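Worksheet: one structure, shown below.
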Amino acid sequence: MSQELESIAADQSALVLFSGGQDSTACLAWALTHFERVETIGFDYGQRHDIEMTTRLNVLNKIRDVFPAASRLGEDHVVDLKGFGAVAESSLTRVQEIKMSARGLPNSFVPGRNLVFFVYAAAVADRRGIDHLVGGMCETDFSGYPDCRKDTLEAMENVLNLGIERPYRIDTPLMYLTKAQTWAMTHDLGGDVLVDLVLEETHTCYLGERGERHAWGYGCGTCPACELRATGFEQWRSGEHV
């Protein structure tokens, strides 16, 4: 990273929780338009499909090539959380059918995953001199995960501020957007070039499928993540999101 980026104030700097999926890519583009310095952090928590860890690097490289504010993009950090993934087993970390649990939550829910992510992100941000943590959590088009809710993340922000004594701000630009509105925001931020990047490079499918290229991108087409992505894309293209 250049010394010029290193010298930017903490309150003008953001660390984006970046998986290489559609939502985190939209959040990265959002952060690059709102902050003078942006870094990214990824988490290897023993995902069933390591395609996510490869995809995120491809997306970062493309962003550096095509996004207008890419000069603000600094270091990428990767944290090994395989131990956590082994404890918090779900259909995302072991081979099992995706279905609803007795609690009324899909078994794709990894208990406490986002909370753990933010603790590690805050530790990295403290070392890097960054006050803003950006995540793609959403209450509108989501599967009911309790650690995606606004009140959960507001409480987490307070815990981090108290526990680390730093004025952290958790930013969630997608919190109240539908998936169609996320597609629209992506287009607003980067035009057709950014939309094409999301379609071609990002990965969201729970099953790790990248064989067939659909109109909305790659994926199995049947898991909850693919269904949300496909439906949102069609609604955006038809103007139903307005």
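Which of (1) within 18 Å of the chain's Cα centre (by Cα); (2) outside any strand (DSSP E or B); (3) modelled with pLDDT of 95 or more does residue 11 not meet, given it meets every other one?
Failed condition: (1).
Within the stretch 117-130, track down each residue that is crowded, with 16+ Cβ neighbours inside 10 Å and either touching a residue at least 60 places away in the same chain (Cβ under 8 Å) or in contact with a Lys or Arg (Cβ under 7 Å, 6 or more places away or on another chain) (or both).
If the condition is that a residue be crowded, with 16+ Cβ neighbours inside 10 Å and either touching a residue at least 60 places away in the same chain (Cβ under 8 Å) or in contact with a Lys or Arg (Cβ under 7 Å, 6 or more places away or on another chain) (or both), then 117, 118, 120, 121, 124, 125, 126, 128, 130 are the ones that fit.
What is the residue count in the stretch 167-225 for residues that are out of contact with any Leu (no Cβ under 9 Å at 6 or more places or on another chain), small (Gly, Ala, Ser) and either at positive phi or in a loop (DSSP other than H, G, I, E, B) (or both)?
4
Just to verify a result, which residue in the stretch 208-235, among those that are under 26 Å from residue 110 (Cα atoms) and among the basic types (Lys, Arg), is surrounded by the fewest Cβ atoms within 10 Å (Cβ to Cβ)?
Among those that are under 26 Å from residue 110 (Cα atoms) and among the basic types (Lys, Arg), it is 210.
I'd like to verify a number: residues in the stretch 14-42 that are β-branched (Val, Ile, Thr), outside any strand (DSSP E or B) and touching a Ser or Thr at 6+ places or on another chain (Cβ under 8 Å), how many?
The total comes to 1.
Residue 189: more than 15 Å from the chain's Cα centre (by Cα), crowded, with 17+ Cβ neighbours inside 10 Å and under 29 Å from residue 156 (Cα atoms), yes or no?
yes
Out of 200, 240, 227, 212, I need the residue that is under 18 Å from residue 18 (Cα atoms) and of a type in the set (Asp, Glu). Which one?
200
Select, from 205, 148, the only residue that is farther than 30 Å from residue 127 by Cβ and surrounded by 15 or more Cβ atoms within 10 Å (Cβ to Cβ).
Only one candidate passes the filter, namely 205.
Any idea how many residues of the stretch 144-196 are of a type in the set (Ser, Thr, Tyr), within 17 Å of residue 115 (Cα to Cα) and touching a helix residue (DSSP H, G or I) at 6+ places or on another chain (Cβ under 7 Å)?
Going through the stretch 144-196 one residue at a time, the tally reaches 3.
The values are calculated or read from the model by the stated rules, or taken from the named source; none is laboratory data. The structure displayed is predicted, hence computed values, not measured ones. Heads up, the Cβs are rebuilt from the backbone with ideal geometry, glycines too, and the neighbour counts pull from every protein chain shown.
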